[in-house]
Amino acid sequence: MFAEVVFPLPFRNRFTYSIPEDLQRFAAVGVRTVVPFGKRKLTGYIVNITSKSAVTEDVKPLEDILDDIPVFDQRMLEFYEWIADYYLSSPGDAVKLAMPYGADVETKRKVIVDPERCKELLLSEKKKNTVKKKILEVLAGRVEINFGHLQKMSGKKNIYSAVRSLEEAGALTVISELSEAKVKAKKINFIRLAKSPAELYILIPEIERRSPKQVKLILDMLSLKGEEATLSEVLKRSGVSKASADSLAAKGFVEIYEQEIDRVYAELYSEIQQEFLLTEAQEKVINEVSADIDVSNFKAYLLYGVTGSGKTQVYIELVKKTLAKNKSAFILVPEISLTPQITSRFTNNFGDKVTVIHSRMSPGERYDSWRRVLKGKAKVVIGARSALFAPLKNPGLIVVDEEHDASYKQFDSAPKYNARDCAVILAKFSNCPVVLGSATPSVESMWNAETGKYSLLSLPERIDNAKMPGITLVNIADEKKKRKMENVFSSLLIEKIKERLNKKEGVIILQNRRGFSTQMYCEDCGELEICDNCSVSMVYHINQNTINCHYCGLVKKVPPACTNCGSLKLKFFGAGTERVEDELEYHFPNAVISRIDSDSISRKNTLSQILFEFSKGDIDILVGTQMVSKGLDFARVTLVGVISAEATLWLPDFRSDERTFQLLTQVAGRAGRSKAEGEVIIQTQNDKHFTLLKVLANDYRGFYEREISDRKRHLYPPFSKLCLIEAKDQTAGKARGAINDFYKELHKYRNRLIISTPASAIIARLKGFYRFQIMVKAKRDIDPSGAIMRKAVIDSFVEFNRRSRYRDVKLFYDVDPQSVI
Ligand code: ADP
Ligand code: ZN
Ligand code: ZN
């Protein structure tokens, strides 16, 4: 028997291994296996089992199998292959999405040193300045070192050939060692009685004579009447030591055993379950989708429901129908903000049938949540984009809430998938309906609804006839002339906040930039303080007194003088959330103010805690980044203020208008969700901007019409498919050379594709890497599925790899990019 294995590495092929006798029972499609790969050992995924192998020579055997239950089956494998194909990644990278995070086993290389021989060789290299000498210096006085560490210490990446020649010279040996998986199932000790209660009661006087303590433990366990108990809780309750328990176990009175337990992620935030009659509009939507749930029919719906129209309740009712059919459901929500509130609503309805998967959980909690799905204990998965790949059997419904949200796109590693679009494909593979919900549908999804690819459902009214909030635009420039701006606040916004605080109502303030000041500038030489690794400005954080790069994470102490000319005339510009919070504290010293952004809520449960206090009225004002715009449903919020609409409007990206419309409409939608009427103040430098006027008029339709005609004119999605190709290198010349060589190959397809000439990325340098890009457009009429485009990119890459002297430069593909910055 042979197994075909793929790896989470950038190779497209499958590799064949033989299956040794003792592993044949466990080998199956969908399990992880440890195999030799070159000089290393790696975790790979079995994608096929055959009795014949095309390769006959040198077939190596599998070494181990890591899963007792297969993680995916043939049907899901096809789904992953679709992803790999569409997003131009390797199949192994796509399959990796299905695997629990951090549970791989792989080899680490280690160098074992012969100190004597090293000393001799170092003497002979003394006068030279070679890589070899550098390595020998690092090795001096050591007996072993990790290969990666050696690379770092010697400050060289390419140490392979030098190490090999040192190995030949007998100075060292390189060995491979398997490193354990980072997360594993957690096991703890349980205790149970090993004799019947009747027997024990007879023995108690005897035990008591020798050790009264041990009797305490036995009595405690008898009181449990057979209920399961962990060793630690029994010891704690009876006040007895572990040694006493061990001695009872040795005498055969009790038994101590290990058992796997679940690490359950619990949100602090909770709500009381509410029962209500569904509205007519809700009923209509539910009936329509239920029809497809009942007969297991694939259909894609776009649910366009204004903010506060009761979409969550629709999802809950649909999940009830799905579970009644003995099927399971995926509920995807944007990263972070929605989770505590929506989770609590689902848990209220479905108890422990629900499991949550998102990035604020510990790896252990995530792993256990994933295991509950794999074992079929959890039937409803709620989570951010990665939750779509949880091993849920038999899905009968997929919901993607706030489908327009950019966080559905995986932007940092291959495959750069969009979970919303993958959800539609998965629904197709699973024969079930998929519901994409939003108050501000993406232009692409609305277009799909207009052209019949999706069915449009709508919830046009707010629940309880709550009115949409009234919106006012405040022109910052005009207000400045009238001396009505106090730093970042207009006097109107301050007045309004005061009013609401007096009524004990809730206020939300949006400023979509973190930190205190977004730029640090020298008045004498005019230089901005730029990150050492990225071509972006450093952001001043007042609490730590540091300047930080929000792209690579570099943190520095605030320099006392300009790093360019030494002048002391440093100025700070551009207000971030910290600055807004600071000014609010100045204006409203008696109000309780909390900030939500990725700096302030990094600790687990902080977000839950803040939202809970805000819902009770213990916090008066929430200030934050876009996190405050997403999904929050608090009846007491009556005022929303936006410090500056420009934060997203002026980004040089074809989606910037759309993003701005969505962000502002969503944040406005947090106000006035109950009988108390809401209002919204948006400060801007540009109160005639089309997008803002459409936000003001609450006119999604009008915004969409104009945006779609712009997209058509400039051939942007949905009228084309895009693929962004990027070359990255620490040396600008190499990155440029690579992109130019790639362009030469790609250029051959210019008759059928629109190919931009290579250019430096808008953020030209990121994390120390220079970035050059080509944008490819596949026109809808010539290449509707993008198949020609994908083939052109892959074929060009093959040629590039054969011919270019820059073939060691890393190339990245982003199909359907969310942003081109
Ligand atoms: P959306 O997600 O569309 O913005 P939500 O689902 O958060 O809106 O619903 C808004 C509020 O209305 C929530 O507090 C929810 O509990 C409540 N709600 C939903 N459906 C009903 C109903 N049929 N009757 C009364 N209240 C409802
Ligand atoms: Zn200067
Ligand atoms: Zn940086």
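Could you sort Asp620, Asp710 by accessible area so the largest value comes first, with the probe set to 1.4 Å?
The ranking, largest first, comes out as Asp710, Asp620.
Asp64's amide H: which non-local residues (gap 5+, or another chain) put their own amide H closer than 5 Å, with H modeled 1.01 Å from N in plane and none for Pro or chain starts?
Residues meeting the amide H criterion: Val34.
Express in whole angstrom the spacing between the alpha-carbon centres of segment 610-676 and segment 573-596.
16
Taking amide H atoms as placed 1.01 Å from N in the peptide plane, list the residues 5 or more away in sequence, or in a different chain, whose amide H sits under 5 Å from that of Ala575.
Here the answer is Thr518, since their amide H atoms fall under 5 Å of that of Ala575.
Could you name the aspartates and glutamates whose alpha carbon sits less than 17 Å from that of Lys810, not counting residues in the same chain fewer than 8 places away?
Leaving aside aspartates and glutamates fewer than 8 places away in the same chain, those within reach of Lys810 are Asp93, Asp412, Glu726, Asp729, Asp741, Glu745, Asp795, Glu799.
By the gyration tensor of its Cα atoms, with a ≥ b ≥ c the square roots of the eigenvalues, what is the shape of segment 523-568: rounded for a/c under 1.5, prolate for a/b over b/c, or oblate?
Oblate is the answer for segment 523-568, as a/c is 1.5 or above yet b/c matches or exceeds a/b.
For the chain, which longest stretch is free of loop sites, where a loop site is one of the GluC sites (Glu not before Pro) that DSSP puts outside H, G, I, E and B and that has at most 13 other Cβ atoms within 10 Å?
276-522
Post the alpha-carbon centroid distance, segment 315-356 to segment 497-536, in whole angstrom.
Result: 36 Å between the Cα centres.
Using a simple charge model, +1 on the beta-carbon of Lys and Arg, -1 on the beta-carbon of Asp and Glu, nothing else, what dipole does segment 126-260 show about its Cα centre, in debye to the nearest 20?
So the magnitude is around 1200 debye.
Calculate, in whole percent, how much of the Cα-Cα pair population of segment 319-404 lies beyond 21 Å.
Every Cα pair in segment 319-404 considered, those over 21 Å come to 19 percent.
Determine ³J(HN,Hα), in whole Hz, for all residues of segment 32-42 in sequence, where each value follows from phi through the Karplus function 6.51 cos²θ - 1.76 cosθ + 1.60 and θ = phi - 60°; x replaces Gly and Pro.
8, 9, 9, 9, x, 9, x, 8, 10, 10, 9
Name the residue from Gln74, Leu88, Met99 whose Cα lies farthest towards the positive end of the charge dipole of segment 1-118, charges +1 on Cβ of Lys and Arg and -1 on Cβ of Asp and Glu.
Leu88
What's the carbon and sulfur percent of segment 688-750's accessible surface, probe 1.4 angstrom, rounded to a whole number?
51
At a Cα cut-off below 26 Å, give the lysines reachable from Lys557, other chains included and same-chain residues fewer than 8 away excluded.
Correct list for Lys557: Lys152, Lys569, Lys571, Lys767.
Report, to two decimal places, the Cα Rg of the chain normalised by 2.2 N^0.38 Å (N = number of residues).
Compared with the compact-globule rule of thumb, the chain sits at 1.09.
Whose amide H sits under 5 Å from the amide H of Val474, counting only residues 5 or more places off or on another chain, with H placed in the peptide plane?
Ile682, Gln683, Thr684
Would you rank Lys110, Lys379, Lys353 by solvent-accessible area, highest first, keeping every protein chain in place and using a 1.4 Å probe?
The ordering from most to least exposed comes out as Lys353, Lys379, Lys110.
Once each part is reduced to its C-alpha centroid, what is the distance from segment 26-91 to segment 710-742 in angstrom?
Each part's Cα centre sits 33 Å from the other's.
What shape does segment 1-111 have by the C-alpha gyration tensor, where a ≥ b ≥ c are the square roots of the eigenvalues, rounded means a/c under 1.5, and otherwise prolate means a/b greater than b/c and oblate the rest?
It is rounded, given that a/c, with a ≥ b ≥ c, falls under 1.5.
Rounded to the nearest angstrom and ordered from largest down, what semi-axes does the equivalent ellipsoid of segment 401-452 get from its C-alpha gyration tensor (root of 5λ)?
18, 16, 10
Taking all protein chains together and a probe of 1.4 Å, list Asp412, Asp478 from the most accessible to the least accessible.
Asp412, Asp478
So what is the accessible area of segment 418-477 per residue, in Å², with the probe set to 1.4 Å?
Averaged over the residues of segment 418-477, the accessible area is 35 Å².
Can you pick out the pairs among Lys409/Lys777; Lys630/Lys712; Lys96/Lys791; Lys110/Lys132; Lys132/Lys156; Lys195/Lys375 whose Cα atoms lie more than 21 Å from each other?
With Cα atoms farther than 21 Å apart: Lys630/Lys712; Lys96/Lys791; Lys195/Lys375.
Charges only on Cβ, +1 for Lys and Arg, -1 for Asp and Glu: so what's the dipole of the chain about the Cα centre, in debye to the nearest 20?
Roughly 1800 debye, rounded to the nearest 20.
What ³J(HN,Hα) values, in whole Hz, does the Karplus curve 6.51 cos²θ - 1.76 cosθ + 1.60 give for segment 814-821 when θ = phi - 60°, with x put for Gly and Pro?
So the Karplus estimates, Gly and Pro as x, are 10, 8, 6, x, 7, 8, 10, 7 Hz.
If I take the Cα coordinates of segment 196-331 and project them onto the principal axes, what are the three extents in Å, biggest first?
75, 32, 23
Report the FRET efficiency, 1/(1 + (r/R0)^6), for Met1 and Asn394, where r is their Cβ-Cβ distance and R0 is 35 Å, rounded to 0.05.
Using R0 = 35 Å, I get an efficiency of 0.75.
Rounded to the nearest 20 debye, what is the charge dipole size of segment 225-364 about its Cα centre when +1 sits on each Lys and Arg Cβ and -1 on each Asp and Glu Cβ?
80
May I ask which residue of Ala761, Tyr454, Ala243 lies farthest towards the positive end of the charge dipole of the chain, with charges of +1 (Lys, Arg) and -1 (Asp, Glu) on Cβ and the Cα centre as origin?
Ranked along the dipole, the leading option is Ala761.
Taking Lys321 as the anchor, which lysines have their alpha carbon closer than 20 Å to its alpha carbon, excluding any fewer than eight residues away along the same chain?
Within the straight-line limit of under 20 Å, Lys321 reaches these lysines: Lys284, Lys299, Lys311, Lys353, Lys377, Lys379, Lys393, Lys428.
Show me, for segment 410-424, the HN-Hα J-couplings you get by feeding each phi into the Karplus relation (A = 6.51, B = -1.76, C = 1.60, θ = phi - 60°), rounded to Hz, glycine and proline as x.
Karplus values, whole Hz, x for Gly and Pro: 7, 9, 9, 8, 7, x, 7, 8, 10, 4, 5, 6, 5, 4, 5.
Taking 8 Å as the Cα distance limit and 6 or more residues as the minimum spacing, I'd like the relative contact order of the chain as a percentage.
That works out to 10 percent.
From the gyration tensor of the Cα coordinates in segment 408-554, what semi-axes in whole Å does the equivalent ellipsoid have, largest first, with each one equal to sqrt(5λ)?
39, 30, 14
Among Tyr521, Phe800, Trp370, whose Cα lies farthest out toward the positive end of the dipole of the chain, if unit charges sit on the beta carbon of Lys, Arg (+1) and Asp, Glu (-1)?
The one lying farthest along the dipole's positive direction is Phe800.
State in Å² the accessible area per residue of segment 749-806; use a 1.4 Å probe, count heavy atoms of protein chains only, and round to the nearest integer.
With all protein chains present, segment 749-806 gives 54 Å² per residue.
Hey, rough spin-label estimate for Glu450 and Lys712, points 7 angstrom out along Cα→Cβ, what's it come to in nanometres?
With each label point 7 Å from Cα toward Cβ, the separation is 0.7 nm.
The values are calculated or read from the model by the stated rules, or taken from the named source; none is laboratory data. The structure displayed is predicted, hence computed values, not measured ones. In this analysis, Cβ positions are derived from the backbone assuming ideal geometry, glycine residues included, and neighbour counts consider all displayed protein chains. Just the protein is used for accessible areas: all its heavy atoms, side chains included, with ligands, DNA and RNA removed. Shrake-Rupley method; radii C 1.70, N 1.55, O 1.52, S 1.80 Å.
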